Amino acid sequence: MPSDNQIKNNGKLRGSNKCLEGKTILLVNTGSPKKKFIIQRLKKLDLNLVILNKNKNWAQIYADHWIIADTYNHTESIQAVRNFIKENPQIKIEGALTFWEDDVLLTSKIIDRFNFIGIPLSVAKKARNKYSFRDFCKANSINAPRHILARTAADIKFACDNFNFPAVVKPVYGSSSAGVTKVMDKESLSRVYTQIKNSLSTNVESALTDGMDILVEEFIDGDEVDIDLVLQNGKVKFYCISDNYDKSKDEFFIDRGQATPSSLPKKTQDELFAMTEEVLEKLGIQNGIIHFEAKTTSKGPFPIEVNLRMGGDYVYSYIKGAWNIDLIDCAATIALGKYLNIKKIIEPKKYIIGWDFHAENSGILVELSIDEELYKKQYFEDLQINKEIGDAVLVPPEGYDYLGWITVSGDNILDTQDNLKKALELIKYNVARFHKASSIGRTLRKSNSSVAMLNKSMLLGAAKIEKIRRLTSKNQRNLKVGIACNIYDDSTGEKVEKELMTVGKNIEATLNSRGYRTEFLDFNNIDKVFNELKRSDIDLVFNVCERINDSSLLEPHVAALLDILQVPYTGSNPFTLGLCIDKIRVKKLLAYHNIPTPDWDYAYTVDDKIRNDLEYPLIVKPANTDNSIGITNESVVVDEPGLKKQIKKIIIDLNSPALIEEYIEGDEYDVPILGSDENDLRVMPLVRSIFDRMPKGKWHIFSYDSKYGEKDFKNSGITQQYPAKGVNKKLISLITEISLDTYNILDCHDYGRIEVRVDENDNPYVLELNPNPSINIGNCLPKAAELAGMDYGDFIEEIIRMSIKRYKNRPPYYHLQGGII
């Protein structure tokens, strides 16, 4: 396959099929990045690609034109195609095709509407709907198991009373065996049916957009095969039969692997092909690439389902390798109405087995190694790995993940099986089970710039959400996002106010540039915001608001208001936001959980007595402000008169309780964290602040002036390292671990920043957690995320993705029930 650079530098690469050169075809949905090889091949054929997709994505380098529309919204998509044709009369689209199960029906609608060659909608609906397909087979005297469309408890009772067991429960519109489950007895049927019905979601299986109905049918015992066909004008130009490995033996019908050509007796293969031809003819399928699934039984062949597009995963690879038939070329040729001349093939060029890499349990991929010798083996054909170290891998019933696949070849089926065994010995992987435990001792960093992953146990629903992380990321740009922020007059000279305003504006601009619809919510005008939220079609609020009525004490009420209005939002809930404002209560909670923090006391009145065992110097802080408000060089005191003076200043002048801590001399570390509890917590690279260049007489602290004073921060004498450098790895791990526990104890969501001081003996002390730190361009979290491989836009979108995970199939305020661990 050509590389991305070849595509970019050379434009269109010449292929062997000259009749397609310069033709324009509409590709419906790019699919996920694992489908890249398809689009690369289409470009090698010198085709002009008009891609219909929800947004511009990884395939942009290959697209000649985009039609942006939600492919789940068929009316919108067809209108978008119509508009494109009308507005671009010089571009003649001559055909349409898809390689993505989700869009089979949409592609058929487009074919009907614009008179392209392909499978009509009336045919596609019968084949795509498994229940309709079963009824079609029964009506046409084609083998079919007893079946029922299960919508009520009465339907399940009917199946229990009339069906033989085992039985199979499956979504009518599912794909890739998602949700398909074998049940062995009546008692299991009701339970499994309820589980599947409750778990069905387009976010679990995107193909379910076409419907959520459930089919129950008797289990068909026998050898399962795949039959891949090329049809043009009703004539089968090519077909091959491939054996499935042990698919029916698994409760969830997981694909283990396929081998082509089939090792079944010729008579059995002839019967299978005759049945397949009969089904396709009676369905009225004339043109297309078909992936047909069937079983051979003692009662003859049974069709399982008809997929009206090229088979996924390694189907293309093993058919190309074994039979020298390029299904992508064939699909494009048929869709464009060019005659396809395939000489009859009697024997395969070689025997090929495709094999899936499955995990024994759901968990985190912690080991993956591929011996380079594999690529030198004569039997090696192709290898694709879809997971990376640290990725979640979810197997049934939690999800339907697999790591990837391999294809190997041989001179005969036995030789190929031997070669597969040899190849698998050169590939090692380990998926560690999820477990619930403290962060201590659970993190590992290859370098200070790497992302630390915390592997936590996942409940079933959360695991299913994690499994479809890529899908939600793919679809999330269709959201309308509200930006909760504070707006101030541009002429304001206050740097804090400017920061509060610009963070929202920068997020808005970033999201707009990536195709989101946005709406700004200025919480300085609370009446207007309240009414806007009640009437608005906002899907999600990006909450970076820090004030209501110009008071940071009301910051938690922003999240509370959104909860009341049932509007999903990013970031932590009002309980966590309110708790972290009260630094005294945070101290008590950290002490209860044995989190190291400087020795401390507090005062609500100037007459309150302070512990006499605290060692000077001490630092006196407002107990409920942020942005270093109230912190000056005088905040550090060395004797009792100085202490009393500062307590009075905090309580009387700033009208805040006073927090008194032992001053820790040493470097300060910011620990940026992404994620939520019970999910994918990640610690970004640590930021180290060194105070050794500060002027004489200045305490080594972050005062308000050092952050927002007239002088630039770079002149403050404070050096910041992104990431921390020259630090003992054990110290980095310890800081990471106590920060993770602090983050979890305070029930922070999506993102936050822990501040840690380290004394001369490398003892870390947690100062505080900011659950709503500024995430403006150039701030700590975005800069740390950039070190971990995310630019600002990626970072903002990652926060949105994480918030979506929390809300999936839950009420907007469900996370308030989590509590503190």
query: Quick check: anything in the range 612-630 aliphatic (A, V, I, L, M) and at pLDDT below 90?
result: yes
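Let's see how each residue does on (1) small (Gly, Ala, Ser); (2) closer than 22 Å to residue 659 by Cβ; (3) touching a residue at least 24 places away in the same chain (Cβ under 8 Å):
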position	(1), (2), (3)
557	no, no, no
565	no, no, yes
577	no, yes, yes
599	no, yes, yes
query: Is it the case that residue 345 is assigned to a strand (DSSP E or B) and touching a strand residue (DSSP E or B) at 6+ places or on another chain (Cβ under 9 Å)?
result: no
message: I need the full set of residues from the range 775-809 which are free of Cβ contacts under 8 Å to residues at least 24 places away in the same chain and touching a Phe, Trp or Tyr at 6+ places or on another chain (Cβ under 7 Å), in order please.
response: 782
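So which residues in the range 310-324 are assigned to a loop (DSSP other than H, G, I, E, B) and crowded, with 21+ Cβ neighbours inside 10 Å? Break it down into steps so the answer makes sense when it comes.
Initial filter on the range 310-324 (assigned to a loop (DSSP other than H, G, I, E, B)): 310-314, 324.
Selection gives 310, 311, 314.
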task: Give the number of residues within the range 541-576 that are touching a strand residue (DSSP E or B) at 6+ places or on another chain (Cβ under 9 Å) and not hydroxyl-bearing (Ser, Thr, Tyr).
output: 17
- prompt: Got a number for residues in the range 727-754 being surrounded by fewer than 19 Cβ atoms within 10 Å (Cβ to Cβ), in contact with a strand residue (DSSP E or B) (Cβ under 8 Å, 6 or more places away or on another chain) and touching a residue at least 40 places away in the same chain (Cβ under 8 Å)?
  reply: 1
- line: Here, helices (runs of 4 or more DSSP H) confined to the range 489-581 with at least 1 residues that are within 23 Å of residue 476 (Cα to Cα) are 495-513, 526-535, 555-564
- prompt: Which residues, counting only those in the range 551-605, are out of contact with any helix residue (DSSP H, G or I) (no Cβ under 7 Å at 6 or more places or on another chain), among the β-branched types (Val, Ile, Thr), farther than 23 Å from residue 647 by Cα and open to solvent by less than 10 Å² (accessible area, probe 1.4 Å)?
  reply: 558, 576
- line: Counting only residues that are more than 16 Å from residue 752 (Cα to Cα) and either open to solvent by 20 Å² or more (accessible area, probe 1.4 Å) or touching a strand residue (DSSP E or B) at 6+ places or on another chain (Cβ under 9 Å) (or both), the range 793-805 contains a total of 3
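Could you list all residues from the range 20-54 that are in a loop (DSSP other than H, G, I, E, B) and open to solvent by 20 Å² or more (accessible area, probe 1.4 Å)?
Those that are in a loop (DSSP other than H, G, I, E, B) and open to solvent by 20 Å² or more (accessible area, probe 1.4 Å): 21, 22, 23, 32, 54.
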- request: State all residues of the range 277-290 that are under 14 Å from residue 237 (Cα atoms) and either open to solvent by less than 70 Å² (accessible area, probe 1.4 Å) or in contact with a Ser or Thr (Cβ under 7 Å, 6 or more places away or on another chain) (or both); if no residue qualifies, say none.
  value: 280, 285, 287, 288, 289, 290
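Please go through the range 98-114 and pick out each residue that is of a type in the set (Val, Ile, Thr), closer than 15 Å to residue 310 by Cβ and touching a helix residue (DSSP H, G or I) at 6+ places or on another chain (Cβ under 7 Å).
Once the filter is applied, which keeps residues that are of a type in the set (Val, Ile, Thr), closer than 15 Å to residue 310 by Cβ and touching a helix residue (DSSP H, G or I) at 6+ places or on another chain (Cβ under 7 Å), the range 98-114 yields 98, 104.
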message: So, in the range 650-660, exactly how many residues are in contact with a helix residue (DSSP H, G or I) (Cβ under 8 Å, 6 or more places away or on another chain) and either aliphatic (A, V, I, L, M) or more than 18 Å from residue 581 (Cα to Cα) (or both)?
response: 3
- request: Consider only pairs whose beta carbons are under 6 Å apart and that are at least six residues apart or on different chains; among these, list those whose first residue lies in the range 45-59 and is closer than 20 Å to residue 110 by Cα and whose second residue is at pLDDT below 85 and outside any loop (DSSP other than H, G, I, E, B).
  value: 54/478; 55/477
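The values are calculated or read from the model by the stated rules, or taken from the named source; none is laboratory data. Since we're looking at a predicted model, the values are computed, not measured. Note: ideal-geometry Cβ built from the backbone for every residue, glycine included; neighbour counts use all protein chains shown. SASA here: full protein model, heavy atoms, side chains in, ligands and nucleic acids out. Shrake-Rupley method; radii C 1.70, N 1.55, O 1.52, S 1.80 Å.
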